[in-house]
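Remarks on the structure that follows.
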Amino acid sequence: MGCQYFDPCDHGADTFTIAIPKLTFGRGCLREAGARAAGLGMTRVGLFTDPGLRDSTYFDAVLESLKQAGLDIAVFDEVTIEADDASVERGATFIAEGNFDGVVSIGGGSVMDTAKASMLYGLHPPDEFLDYFAPPLGAGRVMPRSLLPHLACPTTSGTGSECTSISVLRINDMATKFVLANPVLLPQEALIDPACSDTLPAMVVASTGFDLLCHALECYTAKAYTRWDRQEDPLKRPLIQGANPWSDLAARKALEIAGEYLERGVNSADDHEARDNLMWGASLAGMAFGNTGTHLGHALSYGVTHLMHDITTNGYAVKSPFVPHGISVVVSAPAIFRYTAAAAPERHFEAASYLQSDLQDAGVDDAGEALAKRLIELMRKTEVPNGLGGVGFGLADVPALAASSARQVRAIANSPRETNLVDIENIYAAAISY
Ligand SMILES: [Fe+2]
């Protein structure tokens, strides 16, 4: 492809696959929901949202549009702020009993992820909830080739779930989140209306903004797809396939957007230019990581949400313990990119430049430090917690955090630099405060 990073490797992949839905982006586009749903062949719609959004003008706009298109609608709003197995079991019953021919979701990642999994579990129930998850956690049960058509409408600028084949679910018994990833979970269409971000509290824009930033940064610095083993059966090609020329395009633009607009979007709800761009950046980053996979940022966030205790976050009406996803990712990010830069210095240097790092006297060897400094600067300016210490962890917690996150095997292997348990412990220890 004319790029050294993707030079062929022995036994390495020589093909990559890109899957994205049809997208519509623009202020007010939620009013197209009815026509879009009808265009997908829907006549009876299962409409997913959460209790907070049920009274919002965004939900009303979608409901009204679906009604005007003459569609029959039933609403499911029992989604918790972190999608979990209990929400999915309720959603699956709703799907199984609802006789729907399509699903519309309006909400953040939790709503869209619950809608995706509810179709899977409602239409093709496994014996045990974990059966569809990859071993050793689950049985790796083969997913069906199709579910119902899904029109996804995001209301936050972070998750990118409207553009991915991924559903992240908390398994309550284990207090840990795990990932379902399969092409069948990809929505057919997305309606991205940036007006939905107008009323988001600053800390929600910060958390979701760092989520999008880290999606893009992890994609851009991920191991090249040519360094993953070749997969001859195209239907078995994993979604975590490594950085590729497509994800480079989307991740680069998403990084430029985060560099330019994250601080502005957090600090002013009236800054439509900033918030609209963040909404677009979130979808771009979703299109990137849905076809690349994340790496250490997300892998190490799982230990944080698994072991968090006695912690709440401003702007989120959720009882303790709660650390929003984007914060759980970014608290370790400066330490992570200081560590990974040595394995792909040019990529880290480019990423630092897209994020508007100060590179005046910096060379490629300073890329990790420059990137870390810029991340810390953005964290300070948006008032997010300063490292793991800011979300209640100390050095004594490091072994348990590392043991928990080490279970995210494929994401860790998507890091550009070989990373073992001791490396993860060292990264966490360096992430306590900046
Ligand atoms: Fe994320």
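The values are calculated or read from the model by the stated rules, or taken from the named source; none is laboratory data. Just so you know, these numbers come straight off a predicted model, no measurement behind them. Every residue, glycine among them, receives a Cβ derived from its backbone with ideal geometry; neighbour counts consider all protein chains shown. The protein model used for the area step is the full one, side chains on, heavy atoms only, and it has no ligands, DNA or RNA in it. Shrake-Rupley method; radii C 1.70, N 1.55, O 1.52, S 1.80 Å.
Of the heavy-atom accessible surface of the stretch 266-411 (probe 1.4 angstrom), what whole percent is carbon and sulfur? Don't skip to the end; give the middle numbers.
Working: 2700 of 5430 Å².
Carbon with sulfur: 50 percent of the solvent-accessible area.
Counting other Cβ atoms within 10 Å of each Cβ, which trypsin sites (Lys or Arg not before Pro) in the stretch 279-386 have at most 15 and sit in a DSSP loop?
Passing sites in the stretch 279-386 are Lys319.
With respect to the chain, whose longest principal axis is taken over its alpha-carbon atoms, helix 57-68 is tilted by about 40°. Taking the longest Cα principal axis of the chain as reference, the axis of helix 202-221 is set at about 60 degrees. Which is farthest toward the positive dipole end of the chain among Leu375, Met112, Phe6, measuring Cα position about the Cα centre, with Cβ charges +1 (Lys, Arg) and -1 (Asp, Glu)? The Cα lying farthest towards the positive end belongs to Phe6. Note on the chain: with a GNM built from Cα contacts shorter than 10 Å, the maximum mean-square fluctuation among Cys196, Cys153, Cys29 falls on Cys29. For Lys373, a cut-off of 20 angstrom between C-alpha atoms picks up these lysines, skipping any fewer than 8 places away in its own chain: Lys381.
With contacts taken as Cα pairs under 8 Å at a separation of at least 6 residues, the stretch 284-363 carries a relative contact order of 22 percent. How would you classify the stretch 30-154 from its alpha-carbon gyration tensor, with a ≥ b ≥ c the square roots of the eigenvalues: rounded for a/c under 1.5, else prolate if a/b is greater than b/c, otherwise oblate? Verdict is prolate for the stretch 30-154. Among the listed pairs Lys253/Lys319; Lys223/Lys253; Lys22/Lys116, those whose Cα-Cα separation exceeds 26 Å are Lys253/Lys319. Can you tell me which of Leu255, Leu130, Leu186 moves the most in a GNM of the chain? Springs connect C-alpha atoms under 10 Å apart. Between Leu255, Leu130, Leu186, it is Leu130 that shows the largest mean-square fluctuation. Here the relative contact order of the chain, from alpha carbon pairs under 8 Å that lie six or more residues apart, stands at 15 percent. Basic side chains Lys and Arg get +1 at the Cβ, acidic Asp and Glu get -1 at the Cβ, and with that the dipole of the stretch 160-300 about its Cα centre reaches some 660 debye. For the stretch 62-107, what class follows from the C-alpha gyration tensor (a ≥ b ≥ c being the square roots of its eigenvalues): rounded when a/c is under 1.5, otherwise prolate if a/b is larger than b/c, else oblate? It comes out oblate by the Cα gyration axes. Annotation for the stretch 223-311: GluC sites (Glu not before Pro) lying in DSSP loop with at most 14 further Cβ atoms inside 10 Å of their Cβ are Glu232.
Once the Cα atoms are used to define both axes, helix 109-123 deviates from the longest principal axis of the chain by about 60 degrees. In the chain, a dipole from Cβ-located charges (positive for Lys and Arg, negative for Asp and Glu) runs towards its positive end, and of Val323, His124, Gly26 it is His124 whose Cα lies farthest in that direction.
Computed from point charges on the beta carbon alone (+1 for Lys and Arg, -1 for Asp and Glu), the dipole magnitude for the chain about its Cα centre is near 420 Debye. Each peptide among 339-346, 135-142, 30-37, 419-426 gets the average number of other Cβ atoms lying within 10 Å of its residues, and from highest to lowest they stand as 30-37, 339-346, 419-426, 135-142. Computed on the stretch 276-434, with alpha-carbon pairs under 8 angstrom and 6+ residues apart, the relative contact order is 30 percent.
Compute the length gained on full extension between Arg90 and His309: take 0.36 nm times their separation in residues and subtract their Cα-Cα distance, giving the result in nm to one decimal.
On the way: separation 219, 0.36 × 219 = 78.84 nm, distance 2.67 nm.
Value of the extension gain: 76.2 nm.
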